[in-house]
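So the structure is just underneath, and the comments pick up after that.
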Amino acid sequence: LTGSLEPTNEWYAIAKISGVKACQAIRKQFKKDYVSLMPTNMYGYHDNFDLQTSHVLPAMLRKFHEAKLKNAPVKLWGSGEPRREFLFVDDMAEAVVFALENKLPEHLYNVGSGKDITIKELAETIQKVTGHQGGIIWDSGMPDGTPRKLMDVSKMKEIGWEDKVELKEGIAKTYAWFLNNV
């Protein structure tokens, strides 16, 4: 957060900044072992699969599932070239437990996989997991968004934590949950 805040996320960003600063102040003033964990794009059980309000991974999962049922192609926004990082919800839960059970030397940590993939690679992975056989249509008239979102997770790795669930495995677990619950 080095520039002005994006208007659509301004209040969310202010809340995040306030929380981080509060933890930092409590840690410094009262010598409490408070930390802020900043997750990357998370996905998994109980995700929001609504096509109007969900994030990229659960939206794609639903689109591919519905297209499979209709034996239809899937239409996706942009070129598929932007890169994104994802973290399965179980890994985030383990990062929280790790932070609770260990004294961490700093007040702020990025939590993620430290690996990114293109949106096209994500689509192809979800297509395989769901068993969709149709084509993928990229709507280049729609925006791509930020070219790359990847976090530096080296501080978490240095203190002994890293993600365990590979993306394809996490997508398969999420899809199984989706099939049983949505």
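A simple spin-label model places the labels of LYS155 and LYS28 1.4 nm from each other, with each point 7 Å out along Cα-to-Cβ. For region 137-150, the Karplus equation 6.51 cos²θ - 1.76 cosθ + 1.60, evaluated at θ = phi - 60°, returns couplings of 10, 9, 8, 5, x, 9, x, 7, x, 4, x, 8, 10, 9 Hz by residue, with Gly and Pro reported as x. Computed over the chain, the P(r) curve from all C-alpha pair distances, binned at 5 Å from the origin, holds 1, 8, 14, 17, 18, 15, 12, 7, 4, 2, 1, 0, 0 percent per bin.
Atom-type composition of the exposed protein surface of region 38-182 places 51 percent of the accessible area on carbon and sulfur (1.4 angstrom probe). In region 44-148, the convex hull through the Cα atoms has an average projected area of 8.0 nm², a quarter of its surface area. In this structure, LEU179 and THR53 have a Cβ-Cβ separation that, at R0 = 22 Å, corresponds to a calculated FRET efficiency of about 0.60. List the GluC sites (Glu not before Pro) within region 142-182 that fall in a DSSP loop (any state other than H, G, I, E or B) and whose Cβ has at most 12 other Cβ atoms within 10 Å. When the GluC sites (Glu not before Pro) of region 142-182 are filtered for loop state and at most 12 Cβ neighbours within 10 Å, GLU166 remain. Note that region 21-105, at 10 °C in a medium of 1.306 mPa s, gets a Stokes-Einstein diffusion coefficient of 99 µm²/s from its Kirkwood radius over C-alpha pairs.
These residues, TRP77, TRP11, go from largest to smallest accessible area, 1.4 Å probe, as TRP11, TRP77.
Per residue, the convex hull spanned by the Cα atoms of region 103-154 amounts to 115 cubic angstrom. Accessible area per residue (1.4 Å probe, heavy atoms of protein chains only) ranks TYR109, TYR12 as TYR12, TYR109, with the largest value leading. State which stretch of the chain is the longest one without any exposed trypsin sites (Lys or Arg not before Pro), exposure meaning a DSSP loop state and at most 16 other Cβ atoms within 10 Å. Formally, the longest exposed-site-free interval is 33-102. With viscosity 1.002 mPa s and temperature 20 °C, the Kirkwood radius over alpha carbon pairs of region 76-134 converts through Stokes-Einstein to a diffusion coefficient of 153 µm²/s.
The values are calculated or read from the model by the stated rules, or taken from the named source; none is laboratory data. Only a predicted model underlies this, so the values are computations on that prediction, with no experimental measurement involved. Positions of Cβ are generated from backbone atoms using ideal geometry, with glycine treated the same way; all protein chains shown enter the neighbour counts. To get the accessible areas, we keep the full protein, side chains included, count just its heavy atoms, and leave off ligands, DNA and RNA. Shrake-Rupley method; radii C 1.70, N 1.55, O 1.52, S 1.80 Å.
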